[in-house]
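Chemist: For reference, the structure I am asking about is given below.
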Amino acid sequence: MNLTTDAWIPIVWNNGKPGTVSLREAFERGEEIRDLAVRPHERISLMRLLICIAQAALDGPNDQDDWKTCLPRIVPAALDYLNRWRHAFELFGNGQRFLQVANLKKTAKKSDDDDDEGNSTSKLDLALATGNNTTLFDNAGGPERTFTSAELALMLTTFQCFSPGGRIGVVLWNGKETLGKGSSNHAPCLAGGMLHALLRGDNLLATLRKNLMTKQQAEQFFGQVSWGRPVWELMPQQLTDADAVRNANRTYLGRLVPLTRAIWLADDCRSLILANGLEYASYADGWREPSATIVIRTIKGQPARVVLPVSIEKAAWRELHALTVKAVTQNTNGGPAALQNISNKEAFDLWVGGFVANKAKPVDTIESVFHVPATMLTEPSQMVYEAGVRLAETRAFLVKRAASVYHKELGDNLDRPEMKNRRQQIQSNATAQFWTDIESAVPRLLEVAAAPEILGLNRKWHKTAWGQSVWRAARAAYERACPHETPRQIRAYALGLKTLFAAPAVRGEVETEKEAEA
């Protein structure tokens with residue numbers, strides 16, 4: 001199978017029908033393709049591959065002016081490039097293989113990780129129950145699985161970007177043991193639990209173009225001589241290939257499609273050899289992924305810049321004010337590098353998603369799409385949006401406190417140390433409902449952020465549709481969590497209700513419950 005000519009990428013056509021395309025078709029018919037039809041981590045991996053091909057084919061764009069005029073050149077350049085490098089995209093065969101390492105052999109010695117040296121190819125799909133993965137997403141676990149070549153191509157591409165760290169086998173690569181001594185780190189797209197953000201266009205080609213990084217940007221983010229070449233153009237033959245290894249893990253194009261694991265697929269499509277590949281620096285070690293967002297967090301009492309992580313507890317819309325900051329260099333806060341391609345006068349769609357892992361264990365995937373007003377790229381709107389999020393977070397906290405007051409009045413004192421687990425469960429149930437209800441009102445918050453003057457100097461949130469939605473959601477969540485049918489329950493309910501509306505949510509908020517309900 002050759003990835004340039006054989007169909008393997010799941011897509012949705014503009015007419016809504018599903019399909020699969022090759023790499024050539026993805027470019028050639030990019031304007032007819034509405035979107036990719038894949039899971040969040042697969043989307044990120046495929047976009048990185050397509051971006052890498054486009055940027056290598058263009059050898060650019062050089063700067064913002066070049067980016068503005070590059071759209072007509074992308075398809076012919078990419079098709080010519082894929083023609084020239086067709087041999088590097090073979091999935092099987094004796095020559096160069098796509099994202100695979102030749103001359104891998106099992107070690108003669110036995111170790112605790114022998115099972116990892118000859119794996120089922122099912123391990124390449126992070127959602128399947130195989131190896132140490134649980135049956136959370138898959139109840140058909142077992143080694144006897146068969147995959148098509150198209151499925152393996154997608155699995156391999158994604159695994160190189162997102163494979164979690166943990167125990168891994170040691171094999172011989174050209175006669176020398178692979179790195180890590182049986183231990184591996186997260187792949188580049190998973191390091192720091194990274195939340196990824198991509199601009200979205202009207203079709204696949206438009207989406208691709210919106211997310212291209214210019215050479216000028218790459219120099220600002222990664223330093224001089226950091227553009228590089230795709231890994232298949234300068235494939236490391238062994239770990240001591242200094243130039244090839246540096247290109248793969250210390251340049252922009254080299255890292256877009258990483259070689260995190262040393263892999264060789266068996267021709268039967270059922271088994272593979274798997275070990276550590278190359279080492280990739282994380283943000284903490286000095287490399288910023290283009291789709292990452294950098295924020296300041298307090299760590300051990302000190303402010304520090306870190307990658308904004310993906311979370312299943314905190315929905316991505318609560319971080320939109322951070323995601324829409326335009327980053328300028330490696331060490332400035334802000335969202336994806338592609339935001340520099342957006343003017344402050346045009347609304348845009350922002351796809352946000354990622355893969356959640358607990359150490360080496362896959363947990364879940366998340367994704368969201370936001371239609372963002374142009375003003376969200378400016379600091380005043382970002383500050384208003386952040387204040388609106390804090391309003392909701394404060395109300396969520398008060399829902400927790402109100403539930404505790406309610407239970408205490410009924411003789412169930414949740415504040416006692418030994419009641420910690422029960423308290424967390426009750427409060428979590430109450431706030432989960434609150435966050436579920438309020439998420440549907442996020443467009444109302446974006447309306448306020450788009451026109452900050454609505455709030456006035458005193459930040460009168462209760463006069464906005466967002467403020468009223470927050471109050472209603474808090475009241476509804478409290479009522480569902482705290483029954484009030486018997487006299488005792490009614491008394492406890494009233495005391496909790498007083499707590500719910502006792503304190504202002506943010507500075508300048510002075511409305512009463514009556515005003516909020518009006």
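The values are calculated or read from the model by the stated rules, or taken from the named source; none is laboratory data. Note that the structure is a prediction, hence the values are computed from the model and not measured. In this analysis, Cβ positions are derived from the backbone assuming ideal geometry, glycine residues included, and neighbour counts consider all displayed protein chains. For accessibility, only protein heavy atoms count, side chains too; no ligands or nucleic acids. Shrake-Rupley method; radii C 1.70, N 1.55, O 1.52, S 1.80 Å.
Chemist: When a/c reaches 1.5 or more, the comparison of a/b and b/c decides; with that in mind, is the range 339-469 rounded, prolate or oblate per its Cα gyration tensor?
Modeler: Oblate is the answer for the range 339-469, as a/c is 1.5 or above yet b/c matches or exceeds a/b.
Chemist: Stick to Cα atoms and the Kirkwood definition of Rh, then tell me Rg/Rh for the chain.
Modeler: Radius of gyration relative to Kirkwood radius: 1.02.
Chemist: Right, next: Per the chain: cysteines with no other Cys C-beta under 4.7 angstrom?
Modeler: Isolated Cys, the chain: C52, C70, C269, C482.
Chemist: What would the Debye equation give as log₁₀ I(q)/I(0) for the range 1-84 at q = 0.15, 0.18 Å⁻¹, counting only Cα atoms as equal point scatterers?
Modeler: -0.56, -0.79
Chemist: Okay, moving on. Let me know the shape class of the range 152-307, please: from the alpha-carbon gyration tensor, a ≥ b ≥ c as square roots of the eigenvalues, rounded when a/c is under 1.5, otherwise prolate if a/b is greater than b/c, or oblate.
Modeler: Verdict is prolate for the range 152-307.
Chemist: Taking the C-alpha atoms of the range 293-347, how large are the radius of gyration and the largest Cα-Cα span, Dmax, in Å?
Modeler: 12.5, 40
Chemist: Please give the helix 465-481 orientation as an angle from the longest Cα principal axis of the chain, in degrees from 0 to 90, rounded to the nearest 10.
Modeler: Helix 465-481 and the main axis of the chain meet at about 80 degrees.
Chemist: Hey, another quick one. For the pairs K176/K359; K326/K359; K68/K345; K314/K498; K400/K498, flag any whose C-alpha to C-alpha distance is greater than 20 Å.
Modeler: K176/K359; K326/K359; K314/K498
Chemist: Let me have the 222 nm mean residue ellipticity of the chain computed from DSSP H runs of 4+ only, each contributing -39500 (n - 2.57), with the sum over all residues rounded to the nearest 500.
Modeler: The per-residue figure over the chain is -11000 deg cm²/dmol.
Chemist: Determine by what factor the alpha-carbon radius of gyration of the range 147-206 differs from 2.2 N^0.38 Å, reporting the quotient.
Modeler: In units of the 2.2 N^0.38 Å rule of thumb, it is 1.54.
Chemist: Only Cα pairs under 8 Å and at least 6 apart count here; give the relative contact order of the range 361-487 as a rounded whole percent.
Modeler: Reported as a whole number, the value is 34 percent.
Chemist: Continuing with this model, one more query. Averaged per residue, what accessible surface does the chain expose to a 1.4 Å probe, in Å²?
Modeler: Averaged over the residues of the chain, the accessible area is 44 Å².
Chemist: Using only the alpha carbon atoms of the range 357-425, find the Kirkwood hydrodynamic radius as the inverse mean reciprocal pair distance, in angstroms to one decimal.
Modeler: One over the average 1/r among Cα pairs gives 16.0 Å for the range 357-425.
Chemist: So for the range 310-401, considering every pair of alpha-carbon atoms, how many percent are separated by more than 18 Å?
Modeler: 54 percent
Chemist: Let me ask something else. Using label points projected 7 Å from each Cα along Cα→Cβ, tell me how many nm separate N15 and A502, to one decimal.
Modeler: Taking the two extended label points, one gets 6.4 nm.
Chemist: Quick check: convex hull of the Cα atoms in the range 240-357, volume per residue, rounded to a whole Å³?
Modeler: 186 Å³
Chemist: Mean separation of Cα pairs under 8 Å and 6+ residues apart, divided by the residue count of the range 256-360: what relative contact order is that in percent?
Modeler: Relative contact order, the range 256-360: 19 percent.
Chemist: Another one. Leaving out ligands, DNA and RNA, what percent of the accessible area of the chain is carbon and sulfur, probe 1.4 Å?
Modeler: C and S fraction of accessible area: 50 percent.
Chemist: Another question about this same structure. Could you derive backbone 3J(HN,Hα) for the range 238-255 from the dihedral phi with the Karplus parameters 6.51, -1.76 and 1.60 (θ = phi - 60°), listing whole Hz in sequence and x where the residue is Gly or Pro?
Modeler: After applying 6.51 cos²θ - 1.76 cosθ + 1.60, I find 6, 5, 8, 6, 4, 5, 5, 5, 5, 4, 5, 10, 10, 10, 4, 5, x, 7 Hz.
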